[in-house]
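Participant: Below is the structure I would like to discuss, written out as structure tokens.
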Amino acid sequence: MKLKGKVIIITGAKSGIGLATAIRFASEGAKVVVADIKDAHQEVSEITRRQAEALFVQVDVSNGSQVAALIEKTLAAFGRLDVLVNNAGIELTKKITETTEAEWEHLMNVNLKGVFLCSKAAIPVMQRNGGGVIVNVASELGLVGGSEIAAYSASKGGVVQLTKAMAIDHAGDGIRVNCVAPGPVSTPLLEAIIENSSNPEQERQSIVGKTLLKRLARPEEIANVIVFMASDESSYMTGSVVVVDGGWTAH
Ligand SMILES: NC(=O)c1ccc[n+]([C@@H]2O[C@H](COP(=O)([O-])OP(=O)(O)OC[C@H]3O[C@@H](n4cnc5c(N)ncnc54)[C@H](O)[C@@H]3O)[C@@H](O)[C@H]2O)c1
């Protein structure tokens, strides 16, 4: 896949899709920067034990100066930046009428402003390198609606459009920008939604029942697509939205 030696930042890489992606990149010989608001030294140790190079940087993606420090620490450790995976995200299962202004702002700051800040900091470095790749993690809920998920859905719709606009602006710099739109993935984020619902078993069956494949995805099944989108095997793709949702949005 020609990812050996490439330097890759993955935000939200302590857990779920981001962690599976970091492990997969590391197995391809890439140097991975595990960027997360929570301590991920243990996850990084597990990656380096497998003979891969990895660095943990604690960062809140919604904070511009912390994001600038993330890029500086990456360059100090590895000297370049080839791929940025904007994966960090949070959810909120509420209707708009129940969503407070503070909740809306926090969710938008992490899910949408985080993509803006990380991309804004990474692109000049990639321009100096002569190119790079950005993969944004949106959601099927950025393409279709869902019940009691309005702010999240709006943030992910924003990520889809930001992907296309950045692809247009930076194709000439040799930077490809794509996004993946996962369906339901068995991660702490989704498991918390299920467990916090009034009837967890019914909620799980309802989510699974909306897929054609009648199951949740494993994080590795999304990581496989992200790694493909970051590699030269997707060299003619930019501005694309790749839906990986077990068929949820097929009907
Ligand atoms: N799980 C799903 O069903 C699903 C479906 C579609 C899209 N997604 C998206 O995939 C991405 C990863 O989600 P996941 O399911 O793996 O969730 P997860 O909760 O397992 O992992 C998210 C990670 O992001 C980190 N994070 C949260 N806020 C942060 C911040 N401000 N700065 C830096 N890191 C922060 C968390 O600490 C966590 O490690 C999210 O963007 C999510 O919206 C998930």
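Every number here is computed from the coordinates shown, using simple stated rules; none is lab data. Because the structure is predicted, anything quoted here is derived from the model rather than measured. Cβ placement follows ideal geometry from the backbone for every residue including glycine, while neighbour counts extend to all protein chains displayed.
Participant: If Lys and Arg each add +1 and Asp and Glu each add -1, what is the summed charge of the other residues whose beta carbon sits under 14 Å from the beta carbon of Met126? The partial results should precede the final answer.
Facilitator: Values: positive: Lys6, Arg80, Lys120, Arg128, Arg176; negative: Asp82, Asp169, Asp173.
So the environment of Met126 carries a net charge of +2.
Participant: Once you have all Cα-Cα distances for the chain, histogram them in 10 Å bins from zero and send the whole-percent values.
Facilitator: 8, 33, 38, 18, 4, 0
Participant: Out of the DSSP beta bridges found with both residues in the chain, what percent are antiparallel (nearest 5)?
Facilitator: Values: 0 of 28 bridges.
So the antiparallel bridges amount to about 0 percent of the total.
Participant: Here's something else I'd like to know. Filter the chain for me: DSSP H helices, axial length by Cα at least 20 angstrom, mean Kyte-Doolittle hydropathy not below -1.0. List them by residue number.
Facilitator: On the way: long enough: 64-78 (21 Å, 0.90); 114-129 (23 Å, 0.58); 150-170 (30 Å, 0.25).
For the chain, where a helix must reach 20 Å along its axis and average at least -1.0, the hits are 64-78, 114-129, 150-170.
Participant: Taking R0 as 41 Å, what's the FRET efficiency between Arg128 and His251 from their Cβ-Cβ distance, rounded to 0.05?
Facilitator: Working: r = 46 Å, r/R0 = 1.11.
For R0 = 41 Å, the calculated efficiency reads 0.35.
Participant: State the Cα centre-to-centre distance between segment 155-186 and segment 11-79 in whole Å.
Facilitator: So the two Cα centres are separated by 20 Å.
Participant: Next up: Could I have the simple spin-label model distance between Gln161 and Lys120, label points 7 Å from Cα toward Cβ, reported in nm to one decimal?
Facilitator: Calculated label separation equals 1.8 nm.
Participant: Compute the distance in nm between two label points, each set 7 Å from the Cα along the Cα-to-Cβ direction, one at Asp232 and one at Asp169.
Facilitator: 2.9 nm
Participant: Over 31 Å between Cα atoms, which of Lys6/Lys94; Lys2/Lys214; Lys120/Lys210; Lys73/Lys164; Lys31/Lys210 qualify? Write out the running numbers ahead of the final one.
Facilitator: Details: Lys6/Lys94 40 Å; Lys2/Lys214 34 Å; Lys120/Lys210 36 Å; Lys73/Lys164 28 Å; Lys31/Lys210 37 Å.
Beyond 31 Å between Cα atoms: Lys6/Lys94; Lys2/Lys214; Lys120/Lys210; Lys31/Lys210.
Participant: Using a 7 Å offset from the Cα along the Cα-to-Cβ direction at both Gln202 and Ser147, what is the distance between the two label points in nm, to one decimal?
Facilitator: The answer from the label model is 1.0 nm.
Participant: Report the extension gain between Lys4 and Ser45 in nm, rounded to one decimal, defined as 0.36 nm multiplied by the number of residues separating them, less their alpha carbon distance.
Facilitator: Residue separation times 0.36 nm, minus the Cα-Cα distance, leaves 12.8 nm.
Participant: Follow-up. For segment 32-177, what D do you get in µm² per second when you plug the Kirkwood radius from alpha-carbon pairs into Stokes-Einstein at 10 °C and 1.306 mPa s?
Facilitator: Working: Rh = 16.2 Å.
Diffusion coefficient, whole number: 98 µm²/s.
Participant: At a 10 angstrom cut-off on C-beta neighbours, averaged per residue, how do the peptides 163-176, 61-74, 205-218, 31-44 rank from highest to lowest? All intermediate terms of the calculation are to be shown ahead of the outcome.
Facilitator: Numbers: 163-176: 17.1, 61-74: 18.8, 205-218: 14.6, 31-44: 21.0.
Answer by packing, highest mean first, reads 31-44, 61-74, 163-176, 205-218.
Participant: Per DSSP H run of at least 4 residues, take -39500 (n - 2.57); add these up for the chain, divide by its residues and hand me the 222 nm value, nearest 500 deg cm²/dmol.
Facilitator: On the way: 9 runs with 111 residues, N = 251.
Only helices count here, giving -14000 deg cm²/dmol.
Participant: Compute the whole-percent fraction of alpha carbon pairs in segment 1-80 spaced more than 22 Å apart. Show your work: numbers first, answer last.
Facilitator: Details: 473 of 3160 pairs.
That tail contains 15 percent of the Cα-Cα pairs.
Participant: Moving to a separate point now. What is the calculated FRET efficiency for Asn224 to Ile96, with r their C-beta to C-beta distance and R₀ = 25 Å, to the nearest 0.05? Present the calculation step by step, with values, prior to reporting the outcome.
Facilitator: Numbers: r = 35 Å, r/R0 = 1.39.
According to the calculation, E is roughly 0.10.
Participant: Also, quick follow-up: If R0 is 22 Å, what FRET efficiency do you get for Glu105 and Glu195 from their C-beta distance, rounded to 0.05? Before the final figure, lay out the partial values.
Facilitator: Numbers: r = 26 Å, r/R0 = 1.17.
E between Glu105 and Glu195, to the nearest 0.05, is 0.30.
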